[in-house]
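The values are calculated or read from the model by the stated rules, or taken from the named source; none is laboratory data. Keep in mind the model is a prediction, meaning the values are calculated, not measured. Virtual Cβ from ideal backbone geometry, glycine too; neighbours counted across all protein chains shown.
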Amino acid sequence: MIDLRLLREDPDLFRASQRARGESESSVDRLIGADEARRSALTRFEAVRSEQKTLGKQVPRSQGEEKAALLERTKELAAEVKTTEAAVAEAEEELRLAQLAVPNLVESGAPAGGEDDYVVLKEIGAIPDIPEPRDHLALGEMLGAIDMERGAKVSGARFYYLTGIGALLENAVLQLGIQQAVEYGFTPMVPPVLVKPESMEGTGFLGAHASEVYYLQNDDLFLVGTSEVPLAAYHKDEILNLDGQPRRYLAWSTCFRREAGSYGKDTRGIIRVHQFNKAEMFSYCPPDLAHEEHLRLLGFEEEFLAKLELPYRVIDTAAGDLGSSAARKYDCEAWLPSQQRYREVTSTSNCTTFQARRLNVRYRDAEGKTQTVSTLNGTLATTRMLVAILENHQQPDGSVRVPKALQPLLGRDLLEPVA
């Protein structure tokens, strides 16, 4: 939810943000109109209510015709109060809907354009020379690590089993991520994966991406697609004491996505699936530290990919490919030898005060005044990383070299075929 005061001061800033996203400016104009209508309705209500209170004090002191006239007017005002109060409620609901329709203000410096207009900021690591690379599914089947056939038999397309060393490898990756986060002062969490509608709406996931969310109608609950949702809602309606520093959480959870609109895309293997595990970083921080904190989360992601010994690149996502809550987003994409291209494995977003305004999360500044906090999120470890690990560290015989950082957790330095 955007800052209405900033909108009033500089509406063209928000119109420019919409253009950068490739979206209509009409939602900004609608919000401006709704804000003006709400303030006008509130002014009218307060004026009528004030007159009602004033006359109410005069009636006991009046007599005769004057008292009769005052009583008649107070009856009229009582009706007007109800009418104007209803008008305020209607205007506030229209304002709420108009606010929900406007995405976050894009951060200055973010590339304009759509999905293909990202900017590559850096490429790290040497791309392995593998003459005839196997893809991760072929390797996973040789290792007895991935079973797609039984996943489909039991649950349908885009479901899978991680078996044997595959389950151990995923656990090792997630554990390594948790260990790193704890070393940097993150509080580890295991959050609920079913959340109320207000939690999902508050984080901005019931807009353009609503079709990707699983909804349990009988319970009026949503399955989360990322731990970002329960972490953002964790401090809903609270005032935090940040002491001028970010408050960081690291949540491990299973995540669920319907992958609506992805028919025919990445149908082989575990790149695009309905269920996966993820360790997600989340930070509450003062707004003036949000940009710096965003780069810090990106640094944590890069450090982790270096531990997995993966070649990767960092991209600055274009405005039109940002989610509605994000003001800026950086993706880390690992190289996949079987596809001869980079694929996303982590992303980190600065959501500024957008989510916190919806969820009413505030903090006390140095002067003790309450202000809206900024929220940021970032993937640290996830199931999809197994894809890059298997493919980049594969050997000609189908075995897979284990990155040194994972060896103590797996108890071996090589994954060997079982069939």
ask   = Which residues, counting only those in region 276-299, are surrounded by fewer than 17 Cβ atoms within 10 Å (Cβ to Cβ) and among the aliphatic types (A, V, I, L, M)?
value = Leu295
message = If I go through region 146-189 residue by residue, how many of them are assigned to a helix (DSSP H, G or I) and hydroxyl-bearing (Ser, Thr, Tyr)?
response = 1
ask   = Condition test on Ser338, is it touching a residue at least 12 places away in the same chain (Cβ under 8 Å), surrounded by 24 or more Cβ atoms within 10 Å (Cβ to Cβ) and in a loop (DSSP other than H, G, I, E, B)?
value = no
query = What is the number of the single condition among (1) surrounded by 13 or more Cβ atoms within 10 Å (Cβ to Cβ); (2) free of Cβ contacts under 8 Å to residues at least 40 places away in the same chain; (3) not acidic (Asp, Glu) that Ala79 does not meet?
reply = (1)
key: Meets criteria (in contact with a Gly (Cβ under 9 Å, 6 or more places away or on another chain), in the same structural domain as Asn360 (by TED's automatic domain parsing) and farther than 27 Å from Leu242 by Cα) for Ser155   = no
query = Just one of Leu169, Leu223 is buried (at least 20 other Cβ atoms within 10 Å of the Cβ) and closer than 30 Å to Leu415 by Cα; which is it?
reply = Leu169
query = Of all residues in region 342-377, which are touching a helix residue (DSSP H, G or I) at 6+ places or on another chain (Cβ under 7 Å) and of a type in the set (Val, Ile, Thr)?
reply = Val345, Thr346, Thr348, Thr352, Thr353, Thr372, Val373, Thr375
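Based on what the data block shows, is Asp35 at pLDDT 90 or above and surrounded by fewer than 17 Cβ atoms within 10 Å (Cβ to Cβ)?
Judged against the criteria, Asp35 is not a match.
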inquiry  = Looking only at region 53-71, filter to residues that are of a type in the set (S, T, N, Q) and part of a helix (DSSP H, G or I); which one of those is farthest from Ser17 (Cα to Cα)?
reply    = Gln58
message = Suppose we filter region 86-129 for residues that are of a type outside the set (S, T, N, Q), under 30 Å from Phe45 (Cα atoms) and surrounded by 14 or more Cβ atoms within 10 Å (Cβ to Cβ); how many remain?
response = 11
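Please count how many residues of region 270-286 are part of a strand (DSSP E or B) and of a type in the set (A, V, I, L, M, F, W, C).
Qualifying residue count for the region: 5.
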remark   = Trp252: passes all of (1) assigned to a strand (DSSP E or B); (2) surrounded by fewer than 16 Cβ atoms within 10 Å (Cβ to Cβ) but (2)
ask   = From the list Leu121, Leu143, Leu139, which residue is under 28 Å from Glu212 (Cβ atoms) and not charged (D, E, K, R)?
value = Leu121
request  = Using the structure shown, decide if Thr267 is β-branched (Val, Ile, Thr), assigned to a loop (DSSP other than H, G, I, E, B) and surrounded by fewer than 22 Cβ atoms within 10 Å (Cβ to Cβ).
outcome  = yes
request  = Confirm whether Arg21 is within 21 Å of Leu206 (Cα to Cα), assigned by TED's automatic domain parsing to the domain that holds Glu80, surrounded by 15 or more Cβ atoms within 10 Å (Cβ to Cβ) and of a type in the set (Lys, Arg).
outcome  = yes
Identity of the residue in region 72-127, among the polar types (S, T, N, Q) and in a helix (DSSP H, G or I), that ends up nearest to Leu206 (Cα to Cα) = Gln99
